[in-house]
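Below: one structure, written as structure tokens.
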Amino acid sequence: MQLAARLVVKSAEIMGAERLIPISFAHLDACFYTGQAHVDFVRFLIENGASLAVETWTNNGVVSLADPGLRPRVEDPEMVEGAATLMHLYERLGTRPTWTCAPYQLPGGPKLGDHIAVGESNAVSYYNSVVGARTNKYGDYLDVACALTGLAPDAGLHRDEGRHAELHIDTTALPEQWRREDIFAHLIGHHAGRLSGRRVPVISGLFPDTPSFALKAISSAAASSGGVELWHAVGVTPEAPELASVFDTGDMHRVSAEDLARAHRDLSTAADGPLDAVALGTPHFGLVEFEALVRLFDGRKVKAGLPMLVSTSRGVREMARARGWIERLQASGVEVPVDVCTYHSPRVRGLTGRVMTNAAKWAYYAPGMLGVEVAFGSLKECVESAIRGEVWRDPALWTNA
């Protein structure tokens, strides 16, 4: 506990915080294995009787405890075994084993104004932006230290002055129909991240009824391409009922059709053609997305021999199973793995060659992580392409684009 306290205090000194503040919740990224030090750290905590001070949930792991064969041991024995050991140790520490990069899709969790400590990038962005909770991006071990002490530095996005927008991104010149397409959220998120870097942007032109899965896509894409930890949407997110609430002076950018076309090119490293796999669910698929996926398949089947994986959390999969959707998707040839995201190395079985995805985060990271080529598209395009076995483009999206 002294080690944890020293880590929090040192981070406060570095950030220029004058005090520590209590937190009510933590979501740990340190359970995601990248080396033996991760195991040594949590084992040291357990051996010395450490206990968590707040409700603490876990990010996804490198392996799936529910489906150990998803990442075959032969791919990287040390990584696969170490990752499973790490996940079991965090369960022993007393975390709630949610194993998801999208904890905000589960019941419970933080609310508007709560101070929390979160490590996973898209969850940091979503909790700050859409929920209106307050967290900085807490790196591995510091996230655990905050959970053990129940404290965080009073700095950065915990403070009102840190949450003011520095860049206004105006999408109102784009056609309304396009702004309602699911692919738009991923493209504008990617573009916003590129423009913002680590600045806080505010986006105008989103609709008040923008669904949570679209806000998730923006959060994830902006955090990947630019490191955005907080963004606002006028009339949509809780701290921005109007533009003046979060923005007075700063840079302004009006989004054009060419901006979105450029984002699409950034995320599509492969030419259209025959597919080797389809990967959805980065961040993890939510319940509304499963409903849409079942409706799009409508009983049709993935082309024989083509892997299609839709990653999600255990909690969401059980909710989808209770509605009969998982069985219907499996009958269509869709796999629904839990506990993992599929863009990370070592490779998940079946993900090679040209892979199609609707997730900007997957498209951004997978070429470097897995050495695959990516075809990026809407959810409808991914489903139709999986059925055909080759990339299909939606004329309704692109004819006049």
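Summary of computed values
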| item | result |
| --- | --- |
| Matching entry among S385, S378, S345, S311 (being within 26 Å of G61 (Cβ to Cβ) and at pLDDT 95 or above) | S311 |
| Where a residue in region 203-219 is within 16 Å of E239 (Cα to Cα) and free of Cβ contacts under 8 Å to residues at least 60 places away in the same chain and its partner, wherever it lies, is hydrophobic (A, V, I, L, M, F, W, C) and buried (at least 16 other Cβ atoms within 10 Å of the Cβ), with Cβ under 6 Å and at least six apart | I203/I169; I203/A233; S204/V234; L206/A233; L206/V236; T210/V236 |
| Any hit, region 152-160, residues being assigned to a loop (DSSP other than H, G, I, E, B), modelled with pLDDT of 95 or more and at positive phi | no |
| Single condition A192 does not satisfy, out of (1) touching a strand residue (DSSP E or B) at 6+ places or on another chain (Cβ under 7 Å); (2) in a loop (DSSP other than H, G, I, E, B) | (2) |
| Residue within region 28-45 that is over 27 Å from the mean Cα position of the chain (by Cα) and either assigned to a loop (DSSP other than H, G, I, E, B) or of a type in the set (A, V, I, L, M) (or both) present | yes |
| Residue check, N122 modelled with pLDDT of 95 or more, in contact with an Asp or Glu (Cβ under 8 Å, 6 or more places away or on another chain) and assigned to a helix (DSSP H, G or I) | no |
| Residue match in region 64-81 (condition: under 26 Å from L157 (Cβ atoms) and touching a Lys or Arg at 6+ places or on another chain (Cβ under 9 Å)) | no |
| Residue satisfying condition, being basic (K, R), surrounded by fewer than 22 Cβ atoms within 10 Å (Cβ to Cβ) and in contact (Cβ under 8 Å) with a residue 24 or more places away in the chain, within set R96, R73 | R96 |
| Verdict on G109 being over 30 Å from R92 (Cα atoms) and either in the same structural domain as T95 (by TED's automatic domain parsing) or not hydroxyl-bearing (S, T, Y) (or both) | no |
| Single residue of V39, V74, V8 found to be at pLDDT below 95 and not assigned by TED's automatic domain parsing to the domain that holds M369 | V74 |
| Odd one out for A165, checked against (1) of a type in the set (G, A, S); (2) part of a loop (DSSP other than H, G, I, E, B); (3) within 24 Å of V288 (Cβ to Cβ) | (3) |
| Subset tally (residues that are over 21 Å from L351 (Cβ atoms) and either surrounded by 12 or more Cβ atoms within 10 Å (Cβ to Cβ) or at pLDDT below 95 (or both)) for region 317-326 | 6 |
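Residue-by-condition table, conditions (1) more than 29 Å from V334 (Cβ to Cβ); (2) β-branched (V, I, T):
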| position | (1), (2) |
| --- | --- |
| A5 | yes, no |
| V8 | yes, yes |
| L20 | yes, no |
| F32 | no, no |
| Q36 | yes, no |
| R43 | yes, no |
| R71 | no, no |
| L86 | no, no |
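The values are calculated or read from the model by the stated rules, or taken from the named source; none is laboratory data. What you see is a predicted model, and the numbers here were worked out from it, not measured in a lab. FYI the Cβ positions are ideal-geometry reconstructions off the backbone, even for glycines, and counts take in every protein chain you see.
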